[in-house]
Amino acid sequence: MTPRRKRLMLVVGILLGVSLATLFATRALRENLSYFYDPTQVAQGEAPRGRSIRVGGMVTKGSVKRESGSLEVKFDVTDFRHTVTVSYRGVLPDLFREGQGIIAHGQLASDRVFVADEVLAKHDEKYMPPEVKQSLKKPMNEGATP
Amino acid sequence: MIPEIGHLALILALVMAGLLVFFGLLGAWLEKVTWLAVVPFAVAGQWIFVATGFGCLTYAFVVHDFSVAYVADNSNLQLPLLYRIAGVWGAHEGSLLLWILILATWTLAVSRLSGGLPDRFRARVLGVLGLIGFSFLSFLLSTSSPFLRRVPVPDGADLNPLLQDPALAIHPPMLYAGYVGTSVAFAFAVAAMLEGRLDASWARWTRPWTTIAWVFLTCGIALGSWWAYYVLGWGGWWFWDAVENASFMPWLASTALIHSLAVTEKRGLFKSWTLLLAVSAFSLSLLGTFLVRSGVVVSVHAFASDPSRGIFILALLGFFILGSLLLYAWRAPTLGSEGGFALVSRESFLLMNNALLLASAGVVLLGTLMPMFMDAFSLGKISVGPPFYNVAFLVPTLPLILLVGVGMHASWKQAHLQRVGMRLAVFFAVAAVLSVAALAVAYGSFSVMTLLGCALGLFIVVSSLSVPWKKIRHRETLSRSVLGMCIAHMGLGIFALGVTVAQSYKIEKDISLAPGESYLLAGYRFSFESLHDVTGANWDGVEAKMVISAADRRVAVLYPQKRVYRVQRNPMTQAGISVGPTRDLFVALGEQLGEERWSMRLQYKPFIRFIWIGALAMAIGGLISVTDRRYRRPAAKNPGLPGGLGVAHDN
Amino acid sequence: MTTETSQSGSGRFSAFVPVLLFAVLLIVFAITLIKIGSNRLDIREIKSPLIGKPVPAFDLPSLNQPGARVSNAGLSGRAYVVNVWGTWCPECRAEHETLLRIAKDGQVSLIGIDWSDDAQLAQRWLQQLGNPYEQVASDVEGQAAVDFGVYGAPETFLVSADGVVLHKHLGALSWEDWQKEFVPLMVAAAKPVAGSSL
């Protein structure tokens, strides 16, 4: 083999490797994306069931309920137009609080109940997740109640 | 008064940086020797004024000057001194000032320690660094001055409690030292492109700086991971969060750069490739700065964002990266590499190393920016979670790890691996058998991936050890750079082992427990004995006493806490961790569930310490290689600096 | 030699690839930034359904005067500003300075509603930072906050002399916000009822 052919082979090998890696990466990406939905989209049936998605909004004041002594907790997440009840079993993050913006990751069990496997709150007080911000910015629906 | 002095000092620093750019870059271009003489003074002046500004801000924190808005927002009368000092870089403005101080320090170090460089070349390097300093100083002064006054308040709003931790106090300076350090390699690359000349001595000058920056970056990332483990993460050590990725991408690019520089130094090859990597490493650092401070990505770590700042950094990003890439497109084709190499040679191993490292950086970049892309084109709001990275990142890294173990033994130009091949095959077989036996005995079962990870990790460790072993046996001299390389590679092996075992056999459980009850996890009995109140300097909280026993023998007593910081009223979890060489036991106190019951997260984390020990070994390896004889300048020329570049800078 | 030139020719082209890739990235960044910029004011733009309606009735115990009550009935006949706050809310601390300035300005009286808070902490807060309020109500149960449709502290309402909610501000109030949003409304409301106490 001439040096030139060898180098060509090397380049072809690397290209092959890179494209293979890209293929794997894009496949992994497709399978592991989770889409964000706001409570209105959930209420209008736009969010799929049985798939991992994220739902975010503000935790409604006074909605956090837990059976005494149980890890099971339920709370409402709202975008001030519609509300989704989130059910979660486990330790909530430190910054979880009523009136705080949160994002829950999990699956939709029914139109109004979301079973979360993870609840995220940010460690910055002034924080509101950008998705939540954006969904809050949409115009209010007709006849929305306060 | 002091804050005004600080502000003035920063303005003067900006002037100094301007002078540095003018006399450095223009002087080198117009070949005015007298202009070049100004350069060292401008560098020193920039450092002195930035340091003065930084000192003034620190002073304002120490004496509780709450008339300064930044201090009032990030400090408190009850805040301990250590965290008042760390509070200086607790938010955007101050951390940007720290960024600039570190840049000025790097610039000063290059100026003081590069006596061996040709004058014009050095002036160009310093001029480029000055340009970066000038840009960031103007960014700081125009959008984010930390010295703005406000009507004084009697007490400050306190530092974010999560930042009140010793590891986090040193994590940002370390990380920034690495982040900003990539600018030195960048400046060397730009200077070389401006000169249109790049030779082995260029690589020899650039290498130690790059390696030191890499060492800082490694330590910074490892410290951040460690902090996340016991403060933020409830036991996780890496989250593939956008901000973590922002520091990890420059690390991957710098790692590739270190290896590519080796080829450029030893063989005069990969010249344009090395330049591109130097530009990329710095570009990725800038990109990280942009991502963290502009709010374009969703992250738990990002600073409170402000789009006007975002636009400023975007402009900086565009200027530096587009400018250097255009320069590259213009100059790189003229910097041909001479000489070839065989398909099996150290060169081609290092080329593959570079390709794989860049592929992994590409995976991280894809995952980090994908949500942004989708959103920008209104294709939906998505997030890319750890499952993506856990799969996609392994694709390039597994072959990379295997290649590390083999490539170390290949010689330059044309390698005859048949000779070492046999031994390497034996190493690998031994590593695989050992892994099977160890995993079967310790954990009972294993998956193919677990076995592969362990075998590869062990293989690199053995393979790395065999290099110095062979040299010592044959009574050859073992240079520091080879020793450093072996230690760093061994660190990679240890890291791989740690990651594999910790990820495969970790056990996590959220439970509800009342005092007097206990829970059995991974053969350990976690008993919740009691709960009592505790008080710190600026927080109140409760502390649980957890006794952990195995086979009726007491293993550890842990005191996990739930703190509430008085001013910000944020609850914070201080986990109780029992550290062991083969496992960590982790208890985090959740919240009160009822009368007596508390939610808790219990975790068993086998071999998790290996992750940080591995990273530490990589950093130590890097440090050792920098002290290699050939980087020390002739002693006669600079008798005052016997330690050479690496040691002398390590202040 | 010919191969050399062809190589450097392709090299010249491929050297531009990074520039192009990065240019695309820059454009995406710019789009994202613009998007974020346009989304900045977010929840502040949501109009409260309360605006233009009578102020919700409230009758709460006073925070710092034992036995006294704070109620909308007691305030009728003059314009006032209701500020919902709590010691647990960091943004409230940020706006406190503005409130003090408004109080010093003396154009209108500030009524505080201390929302689901510890009374002792709240009293200490006012002692330490200064008390801008003419009266402070303690809303431990959060009933008034619910009636006002508050979804996060701080929120500030402007109530006219005839008891109508004129404006609502979400989040920390800055002096600029005050000047821009509240003062013109107060001036406009004061005109038809010239001679009132405003």
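Throughout, read-outs are computed from the coordinates displayed, never taken from laboratory work. Computed from a prediction, not measured in an experiment: that's the story for all the values here. Neighbour counts are summed over all protein chains in view; Cβ atoms, including those assigned to glycine, are modelled from backbone coordinates with ideal geometry.
Details
- The mean number of Cβ atoms from other chains found within 10 Å of a Cβ in peptide B:317-329 is 4, as a whole number.
- Percent RCO, i.e. relative contact order, over segment B:437-584, from Cα pairs under 8 Å lying at least 6 residues apart: 13 percent
- Karplus-derived HN-Hα couplings along segment B:260-270 (A = 6.51, B = -1.76, C = 1.60, θ = phi - 60°), whole Hz, x at Gly and Pro: 5, 4, 4, 5, 5, 6, 7, 10, x, 9, 6
- Among the listed pairs A:LYS61/C:LYS168; B:LYS266/B:LYS413; A:LYS61/B:LYS381; A:LYS65/C:LYS53; C:LYS35/C:LYS180, those beyond 22 Å (Cα-Cα): A:LYS61/B:LYS381; A:LYS65/C:LYS53; C:LYS35/C:LYS180
- Full extension of the chain between B:ILE85 and B:ALA37 gives 13.6 nm of extra length, using 0.36 nm per residue less the Cα-Cα distance.
- On the beta carbon distance between C:ALA119 and B:LYS470, with R0 = 51 Å, the FRET formula returns roughly 0.10.
- Taken one residue at a time, the phi angles of segment B:388-395 give Karplus couplings (6.51, -1.76, 1.60, θ = phi - 60°) of 4, 5, 4, 8, 5, 5, 5, 4 Hz. Gly and Pro are set to x.
- Surface/4 of the Cα convex hull for segment B:507-606, nm²: 6.5 nm²
- Interchain or long-range residues, amide H under 5 Å from A:GLU98's placed H: none
- Here the spin labels are modelled as points 7 Å beyond Cα on the Cα-Cβ line, and at A:ARG30 and C:GLN143 they lie 5.9 nm apart.
- Length-normalised contact order for chain B - Cα pairs under 8 Å, 6+ apart - percent: 11 percent
- Semi-axes of the equivalent ellipsoid for segment B:557-627, computed as √(5λ) from the eigenvalues of its C-alpha gyration tensor and ordered from largest down, come to 35, 17, 7 Å.
- Working from label points 7 Å from Cα in the Cα-to-Cβ sense, the C:GLN128 to A:LEU15 distance is 6.7 nm.
- Here's the list of aspartates and glutamates a cross-link from B:LYS32 could span, going by alpha-carbon distance under 13 Å and ignoring same-chain residues fewer than 8 apart: B:ASP119.
- Peptide packing for B:133-144, A:68-79 was compared via the average number of neighbouring C-beta atoms within 10 Å per residue; ordered from the highest value, the list is B:133-144, A:68-79.
- Per-residue shielding of B:354-366, expressed as the average number of other chain Cβ atoms within 10 Å of the residue Cβ, stands at 3.
- 13 Å beta-carbon shell around A:VAL64, net charge (K/R +1, D/E -1): 0
- Highest average packing first - A:92-101, C:91-100, Cβ atoms within 10 Å: C:91-100, A:92-101
- Rounded to whole Hz, the Karplus (6.51, -1.76, 1.60) HN-Hα couplings of segment B:342-358, x for glycine and proline: 7, 4, 9, 6, 4, 4, 6, 4, 5, 5, 5, 3, 4, 4, 5, 4, 5
- Alpha-carbon spread of chain B, three principal axes, descending order, Å: 80, 75, 57
- Cβ-derived FRET efficiency at R0 22 Å, B:ARG419 paired with A:ARG5, nearest 0.05: 0.30
- Reciprocal of mean inverse Cα separation for segment C:59-190 (Kirkwood radius, Å): 14.6 Å
- DSSP loop GluC sites (Glu not before Pro) with at most 12 other Cβ within 10 Å excluded, longest remaining stretch of chain B: B:32-337
- The calculated P(r) of segment B:203-275, using every Cα pair and 5 Å bins from 0, goes 4, 16, 22, 18, 13, 11, 8, 6, 3, 1 in percent.
- Across segment B:1-164, C-alpha contacts under 8 Å between residues 6 or more apart give a mean separation that, scaled by the residue count, equals a relative contact order of 37 percent.
- Gyration tensor (alpha-carbon) shape descriptor, the protein assembly as shown, a/c threshold 1.5: prolate
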